[in-house]
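Peer 1: Attaching a single structure in structure tokens format; questions to follow.
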Amino acid sequence: MNLLLYLLEAEKPVPMRKLEALYGGGEDSGEDKRRTIFRHLDILSGYGLEIIRGDKYGIKKKSEYSRTEFNLHESQALYFAAQESISDVDMRRSIQQKLLQIFHSNKKRQNLLSKRTIDLVEFCDKQINQSKRKYQMRLLNYSSANQGTKRDRLVVPVSFSLENLEIYAIDLEDLARVTRPKVFKLDRCEGILKLKDLAPKELQIHAHKLMRDPFGYLIYDEALLHVEAYFNLKAMTIFLLHFPYLTDQFQYLDAEVDKPFRLTLDIVRVEPIIGVFSVLLNHIRFENSDAFLAAWKVFHQANVEEGLAKLFTD
């Protein structure tokens, strides 16, 4: 993200030493930084950007336009990505402010998100993520997909996901049954009312550390399913066509001849990945993945075998 934005803003190609400065570290890490920079340049090239290489590096500007512009989809995606990938708080907020300006300037031409949703995004980021004190809030006319109801919900938000537009909150109306945070979709409520009441101390709001697995599932207290799979080049290429955001999870092993690309993941559920794995079984092998394979077998027996039997007997 930093590399892309830096090269887009650069008026002309820049030397390698300026790119290395983006990645921090001391002189001893120069070789590692250059290797990382080259890998990131290859990733940008894979998305269709023409990379200038040599003594200096940059992104080749197209002749048919005079300046770089982000459309609504691009500016929104970059805004959410910046929240997760840029650790420097001041830099992140500066970049996000610019991206929001781009978003609002293009809003009249396209309608990706409603003004109400954008206002709620900014409200939640400020009142939930940036607030040190956790207040009770009322989600107005929240539409529940599971219950088929539409009513106000009294909650204590723990955090807000800019990427998924979700509020992770403890449902104060259901404390007797569930005390861990639930997921509330931002687009299912008509508004949010911040109350004066603080979160009850016994809830220990700050003790909740919400994390997601690589496929976006919330990680609670359950044990994760470890996946260690070895791919040949063909299998890895096909796999990354489906899951390009998992590129960084692969490691190349010099000692491996047949299947040198190792993928390691820790996931909550098997459903997102087993479909692709199924068609690549002749090109991959698994190690240290007993719990994952057992869960895959259970899912297959419960949801696939009967359907296949009906398909092939008709």
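The values are calculated or read from the model by the stated rules, or taken from the named source; none is laboratory data. Note that the structure is predicted; figures quoted are calculated from it, not measured. Methodologically, a virtual Cβ is constructed for each residue, glycine included, from the backbone with ideal geometry; neighbour enumeration extends over all protein chains shown.
Peer 1: Out of all the residues in the range 64-77, is one or more on the phi > 0 side of the Ramachandran plot and at pLDDT below 65?
Peer 2: No, the range 64-77 contains no residue that is on the phi > 0 side of the Ramachandran plot and at pLDDT below 65.
Peer 1: Report whether or not E305 is of a type outside the set (G, A, S) and either more than 27 Å from L218 (Cα to Cα) or outside the structural domain of M236 (by TED's automatic domain parsing) (or both).
Peer 2: Answer is yes for this residue.
Peer 1: Let me ask something else. Restricting the range 191-246 to residues that are surrounded by 14 or more Cβ atoms within 10 Å (Cβ to Cβ) and acidic (D, E), which is modelled with the highest pLDDT?
Peer 2: Once the filter is applied, the top-ranked residue is E228.
Peer 1: Something else about it: What number of residues in the range 8-21 are at pLDDT below 75 and in a helix (DSSP H, G or I)?
Peer 2: 2
Peer 1: Applying the selection to the range 140-160, what residues are within 13 Å of K182 (Cα to Cα) and touching a residue at least 12 places away in the same chain (Cβ under 8 Å)?
Peer 2: S144, R153, L154, V155, V156, P157, V158, S159, F160
Peer 1: It is to be established whether one or more residues within the range 298-314 are farther than 30 Å from P181 by Cα, within 26 Å of the chain's Cα centre (by Cα) and not in a helix (DSSP H, G or I).
Peer 2: No, because not a single residue in the range 298-314 is farther than 30 Å from P181 by Cα, within 26 Å of the chain's Cα centre (by Cα) and not in a helix (DSSP H, G or I).
Peer 1: Give the residue, chosen from N282, N303, that is of a type in the set (S, T, N, Q), more than 19 Å from L241 (Cα to Cα), exposed (fewer than 11 other Cβ atoms within 10 Å of the Cβ) and free of Cβ contacts under 8 Å to residues at least 24 places away in the same chain.
Peer 2: Of N282, N303, the one residue that is of a type in the set (S, T, N, Q), more than 19 Å from L241 (Cα to Cα), exposed (fewer than 11 other Cβ atoms within 10 Å of the Cβ) and free of Cβ contacts under 8 Å to residues at least 24 places away in the same chain is N303.
Peer 1: Next question, about the same structure. Give the residues of the range 150-174 that are surrounded by 13 or more Cβ atoms within 10 Å (Cβ to Cβ), at pLDDT below 85 and over 25 Å from the mean Cα position of the chain (by Cα), sorted by residue number.
Peer 2: D174
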